[in-house]
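A short worksheet on the structure shown next.
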Amino acid sequence: MKRKTMAAILGVTILASMGTGAYAATKLQEIKAYLNPDIKVTVDGTPVQLRDAKGNVVVPITYNDANYIPAKAIADALGVAVDYDAASRTVIFGNKTEGTAISVGFKDMYHTKDPDLTVYKGKDYKEVYYNNGTGNRSASFMLYPKKQHQTLQLQIAAIGQDLEELVIQDADKNIVLKEVPVIKVEDGLTTVEVNIAGVNTLYVYASAKKDGAVFVPLTTSQYK
């Protein structure tokens, strides 16, 4: 379903959750509203149960002849990422204008800042996943978008030997989100784009060959 249908699916106004500090803002006005469990939601004709980030059932609110539903609940139902920028008090649906590098919080034994390994075709990427293990092997690592992003743009290159069977998987649901049969050495740095709306944890793995290395620049691969 296209993201733009989100604006028209219910014809409701959507509330976003805010940090506790926001309630001190002078523009907030106290209102009297009602929880309305009679409001039902369907997506493409299928009834859905709206839930918050903790899995609790969400009940819509009726106020002044309009129905209000938390942004997180409706975004999850539509498969669209949502985030709240407290600094600008902006609710962000879908891709963010500026990406977030996957280097933030990245941990793996092949994570390196060694300048002898972070340079690819003359450019220094500063931080990379550089798997140069021995023999035929599985090259893998975890990512944690934490349901805050719509898209993963993963850059990857095969060095020395072609890289086979690249798979990006929703680790919590055990669902394959993207498969690339082969990343060839001559392809250079390849960008693989994946829809990760609603995904908390990603498992990325591929088959690396003996005498081959896997190069993933962590500073230019990003969530959006």
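The values are calculated or read from the model by the stated rules, or taken from the named source; none is laboratory data. Here the structure is a predicted model, which is why all the values come from computation and not from measurement. Positions of Cβ are backbone-derived with ideal geometry, glycine not excepted, and every protein chain shown enters the neighbour counts.
Scan the stretch 18-67 residue by residue and report those that are among the charged types (D, E, K, R) and either surrounded by 10 or more Cβ atoms within 10 Å (Cβ to Cβ) or modelled with pLDDT under 80 (or both). Residues satisfying the conditions are LYS27, LYS40, ASP44, ARG51, ASP52, LYS54.
Listed by first and then second residue, the pairs with beta-carbon distance under 7 Å, at least 6 apart or on different chains, first residue in the stretch 45-66 and of a type outside the set (A, V, I, L, M), second assigned to a strand (DSSP E or B), are GLN49/VAL57; ARG51/VAL57; ASP52/PRO70; PRO60/ASN67; PRO60/TYR68; PRO60/ILE69; THR62/TYR34. All told, SER140 falls short of being modelled with pLDDT under 95, out of contact with any His (no Cβ under 8 Å at 6 or more places or on another chain) and either farther than 29 Å from PRO37 by Cβ or in the same structural domain as TYR203 (by TED's automatic domain parsing) (or both).
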